[in-house]
Structure formats: C-alpha cells, structure tokens
1. Could you figure out which of (1) within 12 Å of the ligand (Cβ to nearest atom); (2) open to solvent by less than 10 Å² (accessible area, probe 1.4 Å); (3) of a type outside the set (Gly, Ala, Ser) isn't true of Phe234?
2. Checking the structure you have, find out if any residue of region 300-316 is without any contact (Cβ under 8 Å) to a residue 60 or more places away in the chain and surrounded by 18 or more Cβ atoms within 10 Å (Cβ to Cβ).
3. Considering only residues that are of a type in the set (Lys, Arg) and in a helix (DSSP H, G or I), look in region 80-134 and name the one that is most open to solvent (accessible area, probe 1.4 Å).
4. Just checking, does region 318-336 include any residue being in a helix (DSSP H, G or I) and in contact (Cβ under 8 Å) with a residue 24 or more places away in the chain?
5. Do we have Glu173 as under 26 Å from Gly226 (Cα atoms) and of a type in the set (Asp, Glu) here?
6. Filter region 1-27 down to residues that are in contact with a helix residue (DSSP H, G or I) (Cβ under 8 Å, 6 or more places away or on another chain) and free of Cβ contacts under 8 Å to residues at least 24 places away in the same chain and give me whichever is least open to solvent (accessible area, probe 1.4 Å).
7. Can you pull out the residues in region 149-188 that are farther than 20 Å from Arg208 by Cα and in contact with a Ser or Thr (Cβ under 9 Å, 6 or more places away or on another chain)?
8. Within region 187-223, which residues are open to solvent by less than 10 Å² (accessible area, probe 1.4 Å), near the ligand (Cβ under 10 Å from one of its atoms) and of a type outside the set (D, E, K, R)?
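The values are calculated or read from the model by the stated rules, or taken from the named source; none is laboratory data. In this text, all values refer to a predicted model and were calculated from it rather than measured experimentally. Cβ placement follows ideal geometry from the backbone for every residue including glycine, while neighbour counts extend to all protein chains displayed. When the accessible area is computed, the model is the full protein with side chains, heavy atoms only, and any ligands, DNA or RNA have been set aside. Shrake-Rupley method; radii C 1.70, N 1.55, O 1.52, S 1.80 Å.
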Amino acid sequence: MGKANEEWKEKGNRVFVGNYARYPVAMVKGEGCKLIDADGREYLDFLAGIAVAGLGHCHPAVTEAICRQAGELVHVSNLYYTRPQTELAELLVANTFADKVFMANSGAEANEAAIKLARIASGEGKYRVISLEGSFHGRTLATVAATGQPKFHKGFEPLPDGFDHAPFGDLAEVEKRISPSTCAILCEPVQGESGVRPLEKEYLQGLRALCDKHGLLLIFDEVQTGIGRTGTLFAYQQLGVVPDIMTSAKGLGNGLPIGAMLTTEKLAAFLVPGTHASTFGGNPVASAAAVATLKVMLADGFFTDLQAKGQYFIEKLKVLADRFPMLAAQTRGLGMMLGLVLTERGVELGTEIVNRMLAKGCIINFAGNAALRFVPPLVVSREEIDQLMQALEETFGELA
Ligand SMILES: *Cc1c(COP(=O)(O)O)cnc(C)c1O
C-alpha cells in the first residue's frame, strides 16, 4: 500500500460509517478487467465490483451511452415516459419470459417489489414467503428477513413477519413449510453470497412443481446470476424452469445503479397506480447504460464465447484443486460465476489467500466463509484467466 492509498483510507475512515471492512486501497481508474489504484498500481479484477461490470470497466459503448444521455436528460421521475427506460423494458421483455417490467435502483429494491407483488397478487391472508438457508436477498428490512442467514439478522430484530427458511436443496423441507398463508417461494438459482452454491436443475424444477401444486408464485432472485453471469442472459433460461417473477440488478447497468422486477402480464395487473413506486427507478442515465450493456451481450456469439471461457476457467480451477487437496476441496458454479470450495484448512486461510492475491495485483473474494469466488468481467480473456491462475498457484504454493 502506497502513500496515496494510505491517505484516502485515513480520510475515509474519518467520515464514513464503519459498516464496510474495506481493503486499504483506493481505486481511481478502470479499463476492461484492469483497475488502477491511487498509487498507480495495476490490478487484474476478478470480482468486477461484485459481479457487476460484465462488460468490464468503462466499456466504450456503455461510457458513450452514459455521456450522451447525461447531456440530454438525467432525471424526470416516473411521472413521465422516457426513451431509455422504455427501450430497456422492451429489451428485457423481448429476451425473457416477462411481459412487464418495474424499474428499481438496486437488488434489494427489486426484491422488495417482487415480495410486494407476490403479496398483493395472492390476496388477503396469503403473505408468507419461503426462501432458503444460505440465501442472500438484500439488506432492507424485508429482504434481510428473506435472507436465510442469521448473521445478517442479528441486532435488527424484530424483522418483518412473513418469512420462512428451508434447508438448502431439500424439496420435502420446502413443502413442509408451505401453509395456507404462504404466497411465494423465493430462490437464487445459484446462491452467490454464501459461496457460489448452485441449486440442481431438478431441484429448481421441483420448486416450480410445488408452486403449481399449492398455488404459489415462484420468484427467482437473479440479481447476481442474471445479465450473462451464468452463461445465458438469465440463469433460468438454461435450467428448464420459468419463474412467475424475476429480479435483476448487479450486472444490469454495467456499474450504474439499476434494478428491475420482471413478471407476467397477469401478475403485473395487480400493481395498479399508487401501489408501488420509486423516484429514481429506471433513471434515464442508468437505463441508457443498461440498454448499451444488453445490446453488446445480445450480439451474435457473446454467450457462446462466454460459455467456452467459463468452461476453460473451471477446468483450470479443477487442476489447481487437484494439485492442492489440502487447501481446495472442489469447484462449483455456472458460466462465469465460479467458486473454489476450500477445505477446513483452506477456510482458515481464506482471507489470507485473498490478501496475498491482492498483494500480487489480483482481485478475488472469499464468499460465505466457504469458497473463493470468481466473478470477473464476462469479457475476460483466456490470457487473463491464465494470469490469475498463475498468481493463485503461487499463493497456494506459499501456503500449502
Ligand atoms: C447483491 C444481491 C442482492 C442485493 O443487491 P443490492 O443491489 O446490494 O441491494 C440481492 N440478491 C442477490 C442474489 C444478490 O447477489
């Protein structure tokens, strides 16, 4: 850590609420998979702002769209129509199961909208939502209550009522929790924050069947898995399951804050004027960034290439896991959302591994106290993957 980084850290610590455990680095510039800090050090970024910058930092098409829109119109609220928000909704509708879109600013807000829709559409007395242990749905009071990790609840009780949690990957346990007051099942196709834990295709299809059998709504939280992250625009598109409601955020604006709740025409009809709103949701600049992002991804060959690179990457990770069985137990994930599950010894060293990688100029993350998480820009090259693997090998070699 150099002098400028140190200075920003000290300044920040004087004025910020201390809710983030930040690395002692101030980032000043980004390009593709590279970040540059205040002291001019370069990093290979395999976190992409937590699965956000799918096209990499400052992708020219996105930057151009942001600048153009910022010079035309920045904000008018949702009392009016705007071109970027309309175009974004058209793209989302054309490329998913959804007929209708509600725009929010973040993942938590998209999930709030999904929960509110599930409740209002299900009628009085049907309000409970079943989600999974290990899930992550956001930090607002309702979405943190939906989040199946007690560590995020501590100190904030009483949480809003109406959330039940079922053990990971067990359909019978979900069915046991269904009551006459249940309205929906909420699930991430791949749990991100708890360490890249994919749910089986059959399990997700089983959730769909449970919803159909009991008259419940299936909500997919694709805030992390969506926008190409898993190798298709949304993960559900490769899983043979269609949800009733789906949420998106993280990658949607390639870094600008924007979220969306997508649903069918029939369900959307319940959110009549006055039921739900957001001042900034689908803001023209954020929407313009999202339109530019989606257009790049929807061009020919983007997902085919991405899937091939994801395969290349996971195979390299497997080789590493085989070489260091004392540290790494297995690989898991979908597309460019990959995890290297650590052994008990590896977990003890998880933070140390991330810190050593940072010192070598590589940004990765340790998720859920279980796995190293790799969510690089989707445009990452094989050479960059090789570079990361080299640093990982060195780091594992030092610690093994
Ligand atoms: C990050 C995340 C959220 C919360 O998104 P915010 O934009 O931080 O509110 C919700 N669900 C999932 C699956 C996430 O990964």
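1. Just one mismatch for Phe234, condition (1).
2. First, the residues of region 300-316 that are without any contact (Cβ under 8 Å) to a residue 60 or more places away in the chain: 300-301, 304-305, 308, 311, 314-315.
Right, trim to surrounded by 18 or more Cβ atoms within 10 Å (Cβ to Cβ) and you get 314.
Checked against the condition, which is being without any contact (Cβ under 8 Å) to a residue 60 or more places away in the chain and surrounded by 18 or more Cβ atoms within 10 Å (Cβ to Cβ), region 300-316 yields at least one hit.
3. First, the residues of region 80-134 that are of a type in the set (Lys, Arg): 83, 100, 116, 119, 126, 128.
From what is left, the residues that are in a helix (DSSP H, G or I) are 83, 116, 119.
Working: Arg83: 117, Lys116: 89, Arg119: 80 Å².
Filtering region 80-134 for residues that are of a type in the set (Lys, Arg) and in a helix (DSSP H, G or I), the one most open to solvent (accessible area, probe 1.4 Å) comes out as Arg83.
4. We begin by selecting, within region 318-336, every residue in a helix (DSSP H, G or I); these are 318-323.
If we keep only those that are in contact (Cβ under 8 Å) with a residue 24 or more places away in the chain too, we end up with 320, 323.
The answer is yes, given that some residue of region 318-336 is in a helix (DSSP H, G or I) and in contact (Cβ under 8 Å) with a residue 24 or more places away in the chain.
5. Numbers: under 26 Å from Gly226 (Cα atoms): no; of a type in the set (Asp, Glu): yes.
No.
6. Ranking the candidates gives Ala26 first.
7. Filtering region 149-188 for residues farther than 20 Å from Arg208 by Cα gives 149-162.
Answer for region 149-188, where residues must be farther than 20 Å from Arg208 by Cα and in contact with a Ser or Thr (Cβ under 9 Å, 6 or more places away or on another chain): Gln149, His153, Gly162.
8. Cys187, Pro189, Val190, Gln191, Gly192, Phe220
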